[in-house]
Amino acid sequence: MKILRKNEGLVSNFEMCELLKQRELKRHEQVGGGTEVGDEENNEFDNNNNNNNNNTNSYDEGMPIDEHDDEEEDEEDEDDEFNVDDVEDVERHNLRDVVHKDSNHSYAPHARTWWKNGFVKKGALDDVAVVSPQKPPEGEAARNAFLSVGAYPCCKGKVYAENRTTIDLLNGFSCLGVIAFIYWIDSVLFSGNKTNAPFDFDRIGPILSKYPALRREFFLRFRHGVCALHRNRVFSQQNECVVCVLCGKDIAEQAFDRWVEAGFIINEDVLYSDNNHTVFRASFDFEGTTFNLLVVRCAYHPTAHLHAHGLRKLKKAHEGSCSVIAAAMAYAQKTTATTKKKTINEHLQSLNKAYVNTMTKRKERWRVLLQTDEYWLEVFVAKNSSWFQDAYARCRNMQLENDVVFQNAKNVFDTFGIELALKMLKTTGFASRLGQVGTSTTFIKKLLRVFEEYCDKNLEVFERFVSSGLFAHINDKNFFQRMDYILAKYCDNDPASFAKLACDSFFAIMNKKNFFDRIGYVFAKYCNKQPALLAKFACDCFFAHMNKDAFREALDIIFVNIFNNNHALLAQFVSKNVCVRIWKDGYADKLVSAFEKSELEPTQFAQIGGNRDFLDKLDSPGFDAAAYFSKYTEVNKWSDEEIERLDAFVKESGSNWNELAEKHFPTRNAKQLRERWNQLQEGKNTTKGSWSKDDDLELIKFHKIYPDKWKEIGSLMTKPRGGPQVNQRFNQAKSPKSKAASTALKEYALGYVKASGKKFKKWTSKEEEQFIEAYKETPKQWAIMSKKFPGRSGKDLIMKWQHASTATKKKPSRLEKFAREESQKAKDIGK
């Protein structure tokens with residue numbers, strides 16, 4: 001336990017504010033901020049993330065990034081807009097240390113009050129930090145600053161900046177053509193270490209109402225913020241008074257109104273009022289000077305619309321708040337002798353015109369990027385609409401009216417093609433980084449560097465890299481130096497191998513402390529230093545748990561006791577489903593016990609790593625592994641090794657399936673070998689993966705000539721596809737609620753169904769229950785099952801089963817859950 005004491009150089013937050021104000025008066029300029037720790041003091045509680053890379057590990061002693069690249073780091077920092085250390089200019093101290101009885105941290109008495117009164121949820125003490133107040137803006141940033149009197153800071157890495165609330169407010173101002181700096185004065189100086197889940201936000205109002213000491217501490221920080229802006233030369237040149245925004249009902253009623261009652265602030269005349277906002281003058285006296293305020297009282301906190309879950313009312317209120325705040329900022333500016341002072345309403349009318357002009361310009365530029373009606377309707381809800389489809393809602397705030405941002409966006413569409421560009425725009429983090437003036441150029445520069453240096457300008461390889469993890473961490477310190485090292489050491493400089501590692505968790509932990517120590521351990525011990533085996537391990541769950549000691553200990557257990565130190569079998573076994581379970585207490589021992597009772601060979605047991613049914617039941621009380629495996633005589637899943645052997649044997653000795661099964665595949669029969677071989681041959685000549693608009697148009701063209709002849713249609717396409725693929729695509733388009741197919745294919749498919757007299761008949765919940773019972777009686781005998789469903793054919797039942805078994809809903813129906821479980825069993829273990 002680290003205890004914070006005054007004799008370690010800490011001073012009171014209020015004392016620090018006063019010192020800063022005196023320094024400001026002496027220098028006649030803005031300096032420093034309301035921090036809790038003296039500038040000259042090296043506090044032992046400073047966050048050590050900057051030193052996370054300063055480690056040498058036994059597996060990667062050759063790692064060059066942290067030992068002699070200081071000059072390169074300085075150069076990269078110049079354009080590193082998302083570096084946590086650059087964005088989060090605050091000090092963090094663990095809440096447990098601050099509230100300790102021996103702590104003399106200046107905020108300790110107030111932190112204890114918030115904590116003891118339930119603002120921090122029970123058991124979450126170690127998930128929270130106390131942070132310093134935001135520093136006042138300096139230089140040109142101060143010119144357009146306003147005070148936002150809020151509830152609480154955001155989580156680590158996003159305190160006061162780069163959080164959703166701040167970004168969304170700035171986006172709202174950008175639509176109005178307004179530049180602003182948000183200077184946060186928060187009621188609670190707490191921040192979550194990972195998320196804000198530890199906080200009970202409903203407790204803020206009652207706690208403020210109950211404790212005058214908290215309200216006074218809050219007001220002193222508020223007063224310091226107002227004084228700091230008034231005394232800033234750049235701010236004072238442009239503005240007559242400070243605009244203060246009260247974020248939400250609790251702040252307005254339990255903080256500001258109480259300050260007025262206590263005589264800290266004097267309210268004056270109201271300038272503007274609507275259903276959600278009131279703008280009025282206020283003032284207070286301090287050190288012989290009167291400080292004037294223009295207060296904007298908002299009915300909602302700025303985050304309310306982010307959690308509105310479709311409530312348009314709150315989203316409209318947020319847009320209105322941005323307009324009113326911008327109008328108040330314009331009103332607060334100084335006027336000349338020849339300039340007439342406009343009212344708030346007049347400013348709002350001007351801002352509305354600016355908003356229309358901005359959105360019109362953005363719409364025009366979207367027309368340039370989306371060159372056809374097909375693409376336009378994929379992104380927007382209608383041909384003449386400016387409203388985005390839900391999947392592209394984050395694109396609404398892209399500042400395409402800016403020439404630089406537009407050219408960067410056009411560069412993305414030209415370089416990667418419209419299909420991949422749209423896929424990236426739907427990925428979290430891409431649109432916000434590409435579409436903002438302050439981040440766009442650096443982001444596209446680094447994205448193109450990934451494409452050129454790590455993908456050899458191969459679009460298929462780059463598509464594997466596309467993830468929210470890449471976009472979120474591409475600006476981390478040493479990102480490209482680490483990428484270089486990984487490509488060389490773990491991928492043999494092969495971009496395709498590197499692409500197999502790419503996932504959200506991989507990019508998230510790549511810059512963490514001990515990452516190279518951990519991946520070096522995995523690469524040496526479990527992969528025998530073979531890049532191909534490391535690629536087999538790669539998945540989000542593997543990288544997410546790789547740093548856990550319990551995870552690696554569990555791998556050690558099954559590596560030795562089940563797979564006899566066979567690296568290839570371990571890599572084959574470790575699936576996503578295994579990763580999320582194996583590190584739990586005792587699970588690896590249960591796997592070993594199940595293996596011993598199963599009487600399967602290690603090669604067979606390695607194939608059930610994806611069998612979720614087995615992995616779930618293994619952890620249930622009373623599970624009998626011997627009885628479970630006695631029902632099965634073979635494992636159906638084909639390994640890469642088996643496929644390679646099958647290909648080699650057929651080329652060498654022909655397709656005598658009975659002989660091959662007897663001599664070379666003891667766990668397979670002749671039928672399985674023949675079917676697998678035919679699948680492989682068909683796969684070599686057909687295309688898999690997503691469908692483009694051109695593919696859909698070809699499907700329409702050939703379907704008109706060969707209606708419902710799916711195999712023939714697939715063989716005629718420019719990119720040949722298997723019959724089942726074509727059939728499935730057409731059936732997806734026939735569904736009225738389907739979003740998978742293009743507009744043209746949907747219109748054609750629905751028209752075809754209507755013309756042929758067929759109508760899409762929705763399945764009732766009663767029918768789905770009957771489906772489950774019928775399947776249990778005669779599984780996959782669709783013709784027999786269809787007799788119990790008048791008006792539905794065997795093909796209808798097949799399509800329903802395929803749809804149910806591949807559904808990805810968070811809350812699946814009983815049929816969907818049943819179908820997924822049955823399909824998983826059939827895929828991993830055959831009867």
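Structure data summary
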item	result
Condition check for residue 733: surrounded by 16 or more Cβ atoms within 10 Å (Cβ to Cβ) and touching a Leu at 6+ places or on another chain (Cβ under 6 Å)	yes
Qualifying residues in the stretch 170-198 (those that are of a type in the set (Val, Ile, Thr) and assigned to a loop (DSSP other than H, G, I, E, B)) - the one surrounded by the most Cβ atoms within 10 Å (Cβ to Cβ)	188
Candidates 573, 551, 614, filtered to the one that is over 30 Å from residue 488 (Cβ atoms) and crowded, with 18+ Cβ neighbours inside 10 Å	614
Residues (within 25 Å of residue 366 (Cα to Cα) and either β-branched (Val, Ile, Thr) or more than 17 Å from the chain's Cα centre (by Cα) (or both)) located in the stretch 464-479	466
Members of the stretch 587-611 found to be open to solvent by less than 30 Å² (accessible area, probe 1.4 Å) and either at pLDDT 90 or above or within 19 Å of residue 542 (Cα to Cα) (or both), listed by number	587, 588, 591, 592, 606, 607, 608, 609, 610, 611
Extreme residue, modelled with the lowest pLDDT, among residues of the stretch 733-750 that are of a type in the set (Lys, Arg) and part of a helix (DSSP H, G or I)	734
Pairs where the first residue, in the stretch 772-797, is within 19 Å of residue 731 (Cα to Cα) and the second is surrounded by 13 or more Cβ atoms within 10 Å (Cβ to Cβ) and basic (Lys, Arg), C-beta under 8 Å, 6+ apart	782/795; 786/792
Residues located in the stretch 364-378, provided they are surrounded by 14 or more Cβ atoms within 10 Å (Cβ to Cβ) and either at pLDDT below 90 or aromatic (Phe, Trp, Tyr) (or both)	366, 374, 375, 376, 377, 378
Residue satisfying all of: in the stretch 498-523; open to solvent by 30 Å² or more (accessible area, probe 1.4 Å) and not charged (D, E, K, R); modelled with the lowest pLDDT among these	511
Some residue of the stretch 407-418 being farther than 28 Å from residue 455 by Cα, open to solvent by 40 Å² or more (accessible area, probe 1.4 Å) and in a helix (DSSP H, G or I)	no
Sole residue being under 27 Å from residue 315 (Cα atoms) and open to solvent by 90 Å² or more (accessible area, probe 1.4 Å), chosen from 361, 383	383
Restricting the stretch 158-169 to residues that are open to solvent by 20 Å² or more (accessible area, probe 1.4 Å) and either without any contact (Cβ under 8 Å) to a residue 12 or more places away in the chain or not in a loop (DSSP other than H, G, I, E, B) (or both), the residue that is nearest to residue 298 (Cα to Cα)	168
Residue 464 being at pLDDT 90 or above, open to solvent by 10 Å² or more (accessible area, probe 1.4 Å) and part of a helix (DSSP H, G or I)	no
Unique match (being farther than 20 Å from residue 741 by Cβ, surrounded by 15 or more Cβ atoms within 10 Å (Cβ to Cβ) and of a type outside the set (A, V, I, L, M)) among 438, 429	429
Any hit, the stretch 518-540, residues being in a helix (DSSP H, G or I), farther than 30 Å from residue 603 by Cβ and β-branched (Val, Ile, Thr)	no
Residues of the stretch 797-822 satisfying the condition of being surrounded by fewer than 18 Cβ atoms within 10 Å (Cβ to Cβ) and under 18 Å from residue 777 (Cβ atoms)	798, 814, 821
Every pair of residues 6+ apart whose Cβ atoms lie under 6 Å, when the first sits in the stretch 431-452 and is more than 18 Å from residue 369 (Cβ to Cβ) while the second is β-branched (Val, Ile, Thr)	446/474
Condition broken by residue 443, with the remaining ones in (1) out of contact with any Lys or Arg (no Cβ under 6 Å at 6 or more places or on another chain); (2) open to solvent by less than 10 Å² (accessible area, probe 1.4 Å); (3) in a helix (DSSP H, G or I) satisfied	(1)
Output for the stretch 138-157, where each listed residue is modelled with pLDDT under 80, open to solvent by 10 Å² or more (accessible area, probe 1.4 Å) and not small (Gly, Ala, Ser)	152
Listing of strands (runs of 3 or more DSSP E) fully contained in the stretch 199-288 that carry 2 or more residues being closer than 24 Å to residue 132 by Cα	242-246
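Conditions (1) modelled with pLDDT under 90; (2) aliphatic (A, V, I, L, M); (3) surrounded by 14 or more Cβ atoms within 10 Å (Cβ to Cβ), marked per residue:
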residue	(1), (2), (3)
54	yes, no, no
65	yes, yes, yes
73	yes, no, yes
78	yes, no, no
89	yes, no, yes
96	no, no, yes
130	no, yes, yes
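The values are calculated or read from the model by the stated rules, or taken from the named source; none is laboratory data. Note that the structure is a prediction, hence the values are computed from the model and not measured. Heads up, the Cβs are rebuilt from the backbone with ideal geometry, glycines too, and the neighbour counts pull from every protein chain shown. To get the accessible areas, we keep the full protein, side chains included, count just its heavy atoms, and leave off ligands, DNA and RNA. Shrake-Rupley method; radii C 1.70, N 1.55, O 1.52, S 1.80 Å.
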